[in-house]
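Take a look at the structure below.
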Amino acid sequence: MEFIRGNLLNVFTEEIYSAEVGFENGLISCVKPVDGNFKTLILPGFIDSHIHIESSMICPSRFAEAVVPHGTTSVIADPHEIANVMGLNGINYMLNDASSVPLKMFLTVPSCVPATKFETAGGIITSEDIDTLLKRPEFVGLGEVMNFPGVIGQDPEVIEKLEVAHVNNKPIDGHAPMLSGAELCNYAAAGISTDHESTTPSEALEKRRLGMKIMMREGSSAKNLKALAVVGGDFIVSDDKDPEDLVEGHVDNMLLKAIEYGIDPVKAIKMVTLNPAEHYQLNTGSLVPGKAADMVIVDDIEKLNVKNVYIDGKLVSKNGSLNFKVNPLKLQGTFKSSPKKPSDFNLTSDSPKTVRVIEIIEDQLITNKQTADLDIQDGNLMADLENDVLKIAVVERYGNNKMTNGFIKGFNLKNGAIASSVAHDSHNIIVIGTNSKDMAKAVNTVITNNGGLSVVSNGGITDLKLPIAGLMSDRTAEDVAKDLTILKQLVNDMGSTLSSPFMTLSFLALLVIPNLKISDMGLFDVEKFEFVNIVLDD
Ligand SMILES: Nc1ncnc2[nH]cnc12
Ligand SMILES: [Mn+2]
């Protein structure tokens, strides 16, 4: 048996006292108070209970390399990104790559692949698949049920998936942005027990009052922790973290933000340890006999400063340096798209028109519905750079050659184009730009690279390859973060002021988050849950 001594946070009694923790065969065997005034604090290993690892643009083993030194010992990941690209094979890739590192990656089974019937995806997860996977211990719940109209409208396919989760006695994660009143009651009554999409205190409070567990999100694009701190919640999650953020920290940084926003440190630590462990029935999350010896040694509860990290009783990180090797699993390319011509990005018109425009909101996944009066040139509707109305398009990448053109406000580009094959949740290629020629160049670069990001500015092309399903790299978080920083700087030089332009870009195709979004099949009004014309009164 091994022992460590220090000040211990007991997450059940919320006390901190000097203690000795004994552990063997990966489990805590005994914990007892001892005399002594120690300099370090022993905490249960941190759990990020809702994350899409793919959004970090690195594969699970590289993700583990980045987060374990920050005290993360478990994540609950929803692999619906790679499942949308390549179905069950994608989920198996995530499990196989994660099996090579000590980080515990539990999964929720994606409930919405494809996310809606209004987009083309590369994979499908059926109720039968959900039933099979939920019987395996590494699948701890049904993933976020984003098709909230389908729940409220009792869509048989959606209801069947919920039934399968209930039969397997596994919790169901929610996704209910701005849902309220009778519709929210209907959604909660379906047995959906968590939500991570609240953006205002009143929204979170209404869900808490209905018994839903609130995941307070502090991601790279959606930052809701500060707004929701006043109401409080049950978990603190990242949902989506870009590589630059990951290089700075993970759950430790979210805890520091929670404390900065006035959340009691002990309550905050329980939101990333005991609370998710109890909700998803994980054998970790507290330092008591029989639980996994997943432990984080920090300086103190206010500043943290992660020192040593143990997973199943093994020292996996010491003062920030990793104690395990990383050997990422490669995956062959999955793109079936033919190169595009500049004319593919034109919207023809015989006269000036009033058009619908997607307006982004900094640090939010929701968008506003706007309109703009656009002129024509050579029979095509023109972007209006003066008023920041740019062109946007989604190019389908699974071999059906579909695409939609539209208009976007909020990126402020004054030249060029940017493109990405990270475009939630079907991950077709999304591109915005000031002109069709640069948009075609940016999209064709992504296709040639079998996935990734590209920036075309003043005729030059800069790219970041994401060869794993067009979503992830097998390089380190630092290397990917460096390339992403260069791309972001280029986008800033082109006129954007966004902190995470590619993360913001990646959510413009997410049809399950209000209010106006775009897929390879058309412009989508999320409130009406239907396609709308680009030109008003068409
Ligand atoms: N917040 C979110 N909701 C739905 N799908 C997502 N994919 C990544 N983040 C998501
Ligand atoms: Mn969501």
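No value in this document is a laboratory result; all are computed from the given coordinates. Since this is a predicted model, take the numbers as computed values, not measurements. Note that each Cβ is placed from the backbone with ideal geometry, even for glycine, and that neighbours are counted across all protein chains shown.
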Give me a comma-separated list of calculated 3J(HN,Hα) values for segment 112-117, in order, Karplus coefficients 6.51, -1.76, 1.60 applied at θ = phi - 60°, integers in Hz, x for any Gly or Pro. 10, 10, x, 4, 8, 8
Size-normalised alpha-carbon gyration radius of segment 2-320, reference 2.2 N^0.38 Å: 0.97
Going through the cross-link list 213/517; 330/465; 441/465; 341/402, which pairs have a Cα-Cα distance over 20 Å in this structure? 213/517
Test of understanding: what is the full-extension gain from residue 499 to residue 20, defined as 0.36 nm times their sequence separation minus their Cα-Cα distance? 168.0 nm
Seen from all sides and averaged, what is the projected area of the convex hull of the Cα atoms in segment 112-205, in nm²? 6.5 nm²
Separation of segment 428-492 and segment 117-156 by C-alpha centroid, Å? 30 Å
Peptide ranges 230-239, 174-183 listed from the most packed, as the mean C-beta count within 10 angstrom indicates: 230-239, 174-183
If one computes the Cα centroid of segment 248-276 and of segment 1-41, what distance in Å separates the two points? 20 Å
So what are the ³J(HN,Hα) numbers for segment 43-58, from phi and the Karplus equation (6.51, -1.76, 1.60; θ = phi - 60°), rounded to whole Hz, Gly and Pro as x? 10, x, x, 7, 10, 8, 8, 7, 8, 9, 4, 4, 5, 7, 6, 10
Theoretical FRET efficiency, 1/(1+(r/R0)^6), r = Cβ-Cβ of residue 323 and residue 5, R0 22 Å, to 0.05: 0.60
Sum of side-chain charges, residue 197 neighbourhood, beta-carbon under 10 Å (Lys, Arg +1; Asp, Glu -1): -2
If you build the convex hull over the alpha carbons only and average its shadow over all orientations, what do you get for the chain? Give it in nm² to one decimal. 23.4 nm²
Under the rule of -39500 (n - 2.57) per DSSP H run of 4 or more residues, summed and divided by the residues of the chain, what mean residue ellipticity at 222 nm is obtained, to the nearest 500 deg cm²/dmol? -7500 deg cm²/dmol
Net charge dipole size for segment 342-532 [Lys, Arg +1 and Asp, Glu -1 on Cβ; Debye, nearest 20]: 260 debye
Convex hull volume per residue for segment 342-532, taking Cα atoms only, in Å³: 110 Å³
Sequence order, segment 450-467: Karplus ³J(HN,Hα) from phi using 6.51 cos²θ - 1.76 cosθ + 1.60, θ = phi - 60°, Hz rounded, Gly and Pro as x, gives 6, x, x, 10, 8, 10, 10, 9, 6, x, x, 10, 10, 9, 10, 6, 10, x
Here, GluC sites (Glu not before Pro) of segment 1-34 satisfying both criteria (DSSP loop; at most 16 other Cβ within 10 Å) are 14
Need the full-extension length gain, residue 401 to residue 283, defined as separation in residues times 0.36 nm minus the C-alpha distance. One decimal, nm. 37.8 nm
Can you work out the FRET efficiency for the pair residue 527 and residue 341, with r the C-beta to C-beta distance and R0 = 45 Å, to the nearest 0.05? 0.85
What percent of all Cα-Cα pairs in segment 425-538 falls into each 5 Å bin, going from 0 up to the bin containing the maximum distance? 2, 11, 18, 22, 20, 15, 8, 3, 1, 0
Under Stokes-Einstein, segment 429-488 at 25 °C and 0.890 mPa s, with its Kirkwood radius over C-alpha pairs, diffuses with a coefficient in µm²/s of 208 µm²/s
